[in-house]
Ligand SMILES: Nc1ncnc2c1ncn2[C@@H]1O[C@H](COP(=O)(O)O)[C@@H](O)[C@H]1O
Ligand SMILES: Nc1ncnc2c1ncn2[C@@H]1O[C@H](COP(=O)(O)O)[C@@H](O)[C@H]1O
Ligand SMILES: Nc1ncnc2c1ncn2[C@@H]1O[C@H](COP(=O)(O)O)[C@@H](O)[C@H]1O
Ligand code: NA
Ligand code: NA
Ligand code: NA
């Protein structure tokens, strides 16, 4: 099976989750309050009080067949808004 | 070496950690407040105030020999209570 | 491409991030409030009120060429202060 | 039903902030009170209500109506889950039926507090020992719920021998909200007579802030309750009906018992609210630990998404009207 | 400029705690107020200021200067972003220009509150309806900002048809801080006349704690503002100049309008502060959602890193001096 | 020892809530106050105690006993770590010995506050300048601890040249709790004379809430201290003995010094508590940063798991009795 890691702004989280659900993935997990740095600069959580939010880390395990659908839904979001998406191998314990 | 990712309800975290320690794994790391979706439905942290808890993400790096013992301790918990467990390759930096 | 996972005390986070930036990695992500257990014992967040801090989990995706530089900056920190660093394969979605 | 009572209740700050939270979700505002801030208010409210109840209990003692009332309350928390369970079993499996039944046997501290504020605004007095009844109704309901699971459902859990009694009693008496409420009550009792200086210095924290903190917490409750509304569709008309009718039935029984006990109007309303309310803090947390087979979205949605708003908004004034009607005013 | 006013402002607890936060960053202390604690204070301040404003609005009604003042405030929140935008466009792209412009059309509730505290310390009275003006200045500025983006920048977003009006109005009127402020204001109005008991019980929470909570929050604001200082180098002298001169211009216009409206000194100062302050809560959150192309470090650093400290430290007493000079004292 | 003093202390709300937290852990309740809520209370207590101390310091000035007392306190914070270090070295390595020694040279603000509450309940007066002594005892102890590490342990850290002085002084004077306490103290001093209005508006926050917030925080301290009990087995009888006997020795020296300084009963008790208490906030955080070789579970468990409960429960009344015995009452 495949493991997909997405790291992106909390701002786009709802859209990304919709794309994940549309892809037919059997599940996903989300961690918020992730800080970091990427091509768009540093993301901290110092402005959390204002609702500005930080990044989210989404993990999902799925069959390889799901990937094309997932890519199709998510790639345009990452291209436009920023964030990273990587795939790796993973097998059930 | 191997990398194991476990995602499960915070409710079973103590039991899972006991199983990890029994397996002889050299260490583990835990992130709480994970939300997500799986076969048992959506898990949010809106009821956090009541002590209901969300999911936890456990990462552990270990030698392949540990895996069978780990599987034996953890699989029954996941089968009964829900949650996912995946293994991947990983090498020391 | 490569995926690097670092888990270490929040105490050394600034130093590790400096080493990451010096390595030329294109970005990184940080999750704080990670608890766990390793050769140096159990790390909890019960003393959070005192500023004692817990662990941090750093993820970074980079080209394999970055790894030697990264290792050079980070390995001495891990050797002295504790913490783990693992590399795995990962490909853009 | 006295519409002026309803209106006065509706226009009190706590209820209006509850509405504000509901509206936030309905119109799609991103207003949220992120974890663990609601926990701060929930811990505070339990601590404060326990402490204040303890102070008053120390003054009233255990004589007069106190013990009979507490006993009657505990009895209701034992009996309500049983008839609730058999009602629910007609449509649900044993696990879900037992978990929801336990929820209705237990109480909602926030509903109780809101009823106290309502009484205060009506200048109707009530007694501190009702908090002791509140504190003592959580555990029995949890125990009956788990007993029902044990009796009705064959266990095949990885923990081998199924639920052990130790774990059940542990969840029932030591889960964090029961423990904090009881502990604060006992501290209140101890302090009342031995540390007048301590009492005086606690009051700005436990009394003055209380109403505002309740309003703030109800803002969050409004948000959380409204988020549950979508679950209700899954729950279906049977459960929604149950979540409105069961409190009404329990309230009616509650008024009769209160009358039998000779409670005056204030205490009678509180007693009724204890009977009519359902737990969405202690019991769900306990059920999630001990009956993982039950679906939390069912027992939380009924208690928090239907019964709680119903009680807060129309229940309290309606029960007051019922009390006024059935119990002659003390003179 | 009256240096004693500046000094009195500087030596008030809220401003001193703001400095303490700034100093913490400058000397490299690890003092921090971890998320989500600052959110607790921010929610509290919005709820309390809205509620108190509502109470006073209920008493003053909408007659006299109330409606004209509110209208003038809304007008300023529409006009300021427009001339700000064209000023900013000389050096910045459309996205960043529009986002910063919206920021300056809107207001900073904390600056407003600090000005209120300043007035209280000077024993100068002011009216509750100014909070209504505060609440109503956020949304128009957001709308103008998004309109400017829509007009000036070709859209090519993955959401296909670019920004839809629904989303824009949604962000403008329903973003959490606008919603909480307006909601609490309305609750204040409703409660003022219908629930005197509720008002009285809310006051220890919304009034007594207010000043201390403001000081605590300003400690965090000092930390966050000072952390922004390094971004300022990237922002460059143009933006830093803008962040000081634009508030001065807006303040000057504000005094003239206040004079035209016949406001007395207290309300005039508050009106000026509304004009001169820039939003670093509601607008940045809205811009981040709807104009992701703009760089948050630019619009946050100008509003929070320059304009906010400037207003808090020297702006408020300076505007007071200006008001004293240009508006004859009511007698 | 006067058992009525012990009992009165035991039955005060803060100490009872501390017990409640301990009991929660012992009986296995899942009661917890999740991060970062305890941090809110810890920040609040430091801010409030500093601010209040500053107000009083402004009134008392630096004349009379003030400077000698502060000097004596600083001296104790320099000397205690030295003899503690040599005691500890008999069983521990240099790193752990130095870290624990620094802990005992420094102070516990919560123990100090609890002692103040105890004095208030006994209607014994004390002076605000003792807070200045409190604030000034943290840094010297940290410096001595790091000096001891530097002298006694060869450095071979990745940071090349080992500890640099800049980093040591930084940790000693700018770590968040020292910084917040000192900063609030200075703000209190500045505000006392210049902003009477500001003082008055701060008091409901810094004074009225204080006792309740202390009780809430002690509930968490009880939980955290009790969680440390299992570490004690690893620490062994030597360290447990140290954690009880060293405070007693320091308290005894403290009474003698207080007598020499001519302090009256209230200030003498506070002075003794400063000597006898050990830091589990500032020093552990500093040691963790600068002496990562030391095992935090050792220095936290001794200070927080043994010495703190010992002081809170029996230490304070015992020291009071000692003060009463050795220092003649002012008349
Ligand atoms: N190479 C990377 N490795 C790990 N995380 C990354 C990387 N690049 C970007 N990120 C994360 O993705 C977030 C958004 O990236 P961006 O908007 O593209 O700068 C960053 O704030 C990081 O948290
Ligand atoms: N395919 C998946 N990928 C990532 N996380 C998952 C997946 N399936 C389940 N999870 C996580 O595991 C939790 C428990 O799953 P379950 O109880 O089996 O529904 C979910 O709430 C998710 O957080
Ligand atoms: N084998 C492991 N797998 C996962 N996490 C680990 C492992 N070993 C150590 N860690 C994490 O790294 C932290 C620091 O490790 P250490 O200081 O070496 O004991 C621990 O508290 C764990 O969170
Ligand atoms: Na009930
Ligand atoms: Na403005
Ligand atoms: Na000491």
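When residue A:46 is tested against (1) facing another protein chain (nearest Cβ under 7 Å); (2) modelled with pLDDT of 95 or more, exactly one condition is not met: (2).
Just checking, does the stretch E:123-135 include any residue being in a helix (DSSP H, G or I), within 16 Å of ligand 5 (Cβ to nearest atom) and over 26 Å from residue E:259 (Cα atoms)? No: zero hits. Restricting the first residue to the stretch D:268-280 and requiring it to be farther than 23 Å from residue D:220 by Cβ, which pairs with a second residue that is modelled with pLDDT under 95 and within 16 Å of ligand 6 (Cβ to nearest atom) meet a Cβ separation below 9 Å and a spacing of at least six or different chains? As it stands, the answer is none, since no pair meets every condition given.
Determine, yes or no, whether residue E:159 is in a loop (DSSP other than H, G, I, E, B), at pLDDT 90 or above and more than 16 Å from ligand 2 (Cβ to nearest atom). Against the criterion (in a loop (DSSP other than H, G, I, E, B), at pLDDT 90 or above and more than 16 Å from ligand 2 (Cβ to nearest atom)), residue E:159 does not qualify.
Within the stretch D:1-33, the set of residues being more than 10 Å from chain E (Cβ to nearest Cβ) and either under 24 Å from residue E:176 (Cβ atoms) or in a loop (DSSP other than H, G, I, E, B) (or both) comprises D:1, D:2, D:18, D:22, D:25, D:26. In this structure, residue A:53 qualifies as in a loop (DSSP other than H, G, I, E, B) and either buried (at least 21 other Cβ atoms within 10 Å of the Cβ) or more than 9 Å from ligand 1 (Cβ to nearest atom) (or both). Do we find that residue D:241 is within 12 Å of ligand 4 (Cβ to nearest atom), assigned to a helix (DSSP H, G or I) and within 18 Å of residue D:104 (Cα to Cα) in this structure? Answer is no for this residue. The number of residues in the stretch E:280-331 that are in a loop (DSSP other than H, G, I, E, B), over 21 Å from residue E:238 (Cβ atoms) and under 13 Å from the mean Cα position of the chain (by Cα) comes to 1.
Yes/no matrix, rows are residues, columns are (1) more than 7 Å from every other protein chain (Cβ to nearest Cβ); (2) more than 16 Å from ligand 5 (Cβ to nearest atom); (3) in contact with a strand residue (DSSP E or B) (Cβ under 6 Å, 6 or more places away or on another chain):
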site	(1), (2), (3)
A:13	yes, yes, yes
A:19	yes, yes, no
A:22	yes, yes, no
A:30	no, yes, yes
A:35	no, yes, yes
A:38	no, yes, no
A:41	no, yes, no
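Just one of the listed residues (D:268, D:235, D:258, D:243) is more than 20 Å from residue D:81 (Cα to Cα) and touching a helix residue (DSSP H, G or I) at 6+ places or on another chain (Cβ under 9 Å), namely D:268. None of D:207, D:264, D:231, D:220 is within 14 Å of chain F (Cβ to nearest Cβ) and away from ligand 5 (no atom under 16 Å from the Cβ) except D:207.
When you check residue E:219 against the structure, is it farther than 25 Å from residue D:124 by Cβ and either modelled with pLDDT of 95 or more or not in a helix (DSSP H, G or I) (or both), yes or no? Yes: the conditions hold for residue E:219.
Against the definition (away from ligand 5 (no atom under 16 Å from the Cβ) and more than 14 Å from chain B (Cβ to nearest Cβ)), how does residue D:251 come out, yes or no? It is true that residue D:251 is away from ligand 5 (no atom under 16 Å from the Cβ) and more than 14 Å from chain B (Cβ to nearest Cβ). All of (1) under 14 Å from the mean Cα position of the chain (by Cα); (2) part of a helix (DSSP H, G or I) hold for residue D:257 with one exception: (1). Give the stretch C:1-16 a look and list any residue that's surrounded by fewer than 19 Cβ atoms within 10 Å (Cβ to Cβ) and under 22 Å from residue C:63 (Cβ atoms), or say none. Listed by number, the list holds a single entry, C:1.
Quick grid of which residues meet (1) outside any helix (DSSP H, G or I); (2) at pLDDT 95 or above; (3) within 16 Å of ligand 2 (Cβ to nearest atom); (4) within 14 Å of chain D (Cβ to nearest Cβ):
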site: F:75; (1), (2), (3), (4): no, yes, no, no
site: F:81; (1), (2), (3), (4): no, yes, no, no
site: F:84; (1), (2), (3), (4): no, yes, no, no
site: F:88; (1), (2), (3), (4): no, yes, no, no
site: F:92; (1), (2), (3), (4): yes, no, no, no
site: F:96; (1), (2), (3), (4): no, no, no, no
site: F:101; (1), (2), (3), (4): no, yes, no, no
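Taken together, the residues in the stretch B:53-93 that are within 14 Å of ligand 2 (Cβ to nearest atom), at the interface with chain C (Cβ under 10 Å from one of its Cβ atoms) and over 13 Å from the mean Cα position of the chain (by Cα) amount to 1. All conditions in (1) farther than 19 Å from residue A:29 by Cα; (2) in contact with a helix residue (DSSP H, G or I) (Cβ under 8 Å, 6 or more places away or on another chain); (3) part of a loop (DSSP other than H, G, I, E, B) hold for residue B:46, with the sole exception of (1). Kindly check whether there is at least one residue in the stretch E:39-55 that is without any contact (Cβ under 8 Å) to a residue 24 or more places away in the chain, over 18 Å from residue E:136 (Cα atoms), outside any loop (DSSP other than H, G, I, E, B) and within 14 Å of chain A (Cβ to nearest Cβ). Yes, some residue in the stretch E:39-55 is without any contact (Cβ under 8 Å) to a residue 24 or more places away in the chain, over 18 Å from residue E:136 (Cα atoms), outside any loop (DSSP other than H, G, I, E, B) and within 14 Å of chain A (Cβ to nearest Cβ).
The values are calculated or read from the model by the stated rules, or taken from the named source; none is laboratory data. Remember, predicted model here, so these are calculated numbers, not experimental data. As a convention, Cβ positions derive from the backbone with ideal geometry for all residues, glycine included, and neighbour counts pool all protein chains shown.
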